[in-house]
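**Q** After the structure tokens below, expect a handful of questions from me.
The values are calculated or read from the model by the stated rules, or taken from the named source; none is laboratory data. Worth saying up front: this structure is predicted, and the values here are computed from it rather than measured. Using ideal geometry, Cβ is built from the backbone for each residue, glycine included, and neighbour counts are taken over all protein chains shown. Heads up: the accessible areas ignore ligands, DNA and RNA and are worked out on the full protein's heavy atoms, side chains in. Shrake-Rupley method; radii C 1.70, N 1.55, O 1.52, S 1.80 Å.
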Amino acid sequence: MSNETAHAKGTETSSIVLSLDGRTLLTRGGDDTVKTWDIRAFKKPLYTLGGVTTMYPGMNAIWSPDEKFVVVGAGTPPSGNGSPAGGKLMFLKREGLTVADEVQMNSCVVKVIWHSKINQIFTSHADGSIHILYSPHTSTHGAKLLNRQRDKRAHTIEDA
């Protein structure tokens, strides 16, 4: 099975992820598109979202743990008025690839990983930073442990 025209010719396909049901394929291309495909009818995509700025060849797209959403990072190039480049984390509905939510970031999001067991999202950025997004109510362990340990520690003169 192949599709030579899945993304624009001369661009890289940086992410290919199969859904758990084995029927839906998620791809991200260097042509600034995210697409879902039914692998049983692989000639044309189920849904396509354009305008997802791909500034680096390794930028990925992932399924949420329940596969109701596609999660993808995007870059925003610097504007002509001197504002720096930024980025955003986009949550797209599986059906239709419409934007359900966006989180603005200070730098282009290059990689996204959603750890389903602790319910935390890890992002790496073009500026070398790593961010952890979590829910104080539904996430467990991980980044929450760091916050809990910091609060229990006795404050010293070095904290001032």
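**Q** Which members of the range 22-45 meet the condition of being touching a Phe, Trp or Tyr at 6+ places or on another chain (Cβ under 6 Å) and either assigned to a loop (DSSP other than H, G, I, E, B) or not aliphatic (A, V, I, L, M) (or both)?
**A** Those that are touching a Phe, Trp or Tyr at 6+ places or on another chain (Cβ under 6 Å) and either assigned to a loop (DSSP other than H, G, I, E, B) or not aliphatic (A, V, I, L, M) (or both): T36, P45.
**Q** So is T13 among the polar types (S, T, N, Q) and touching a Lys or Arg at 6+ places or on another chain (Cβ under 9 Å) or not?
**A** It is true that T13 is among the polar types (S, T, N, Q) and touching a Lys or Arg at 6+ places or on another chain (Cβ under 9 Å).
**Q** If I filter the range 7-21 for residues that are open to solvent by less than 30 Å² (accessible area, probe 1.4 Å), in a loop (DSSP other than H, G, I, E, B) and over 27 Å from N119 (Cα atoms), do I get at least one hit?
**A** yes
**Q** Could you please find all residues in the range 38-54 being in contact with a Leu (Cβ under 8 Å, 6 or more places away or on another chain), closer than 24 Å to E102 by Cβ and not polar (S, T, N, Q)?
**A** Answer for the range 38-54, where residues must be in contact with a Leu (Cβ under 8 Å, 6 or more places away or on another chain), closer than 24 Å to E102 by Cβ and not polar (S, T, N, Q): Y47, L49.
**Q** For R28, which of the numbered conditions (1) farther than 15 Å from R94 by Cα; (2) surrounded by 13 or more Cβ atoms within 10 Å (Cβ to Cβ) fails to hold?
**A** Checking R28 against (1) farther than 15 Å from R94 by Cα; (2) surrounded by 13 or more Cβ atoms within 10 Å (Cβ to Cβ), the one that fails is (1).
**Q** Okay, next question. Considering each of G80, G73, G96, G86 in turn, give the residue that is open to solvent by less than 30 Å² (accessible area, probe 1.4 Å) and either at pLDDT below 90 or of a type in the set (D, E) (or both).
**A** Going through G80, G73, G96, G86 in turn, the sole match is G86.
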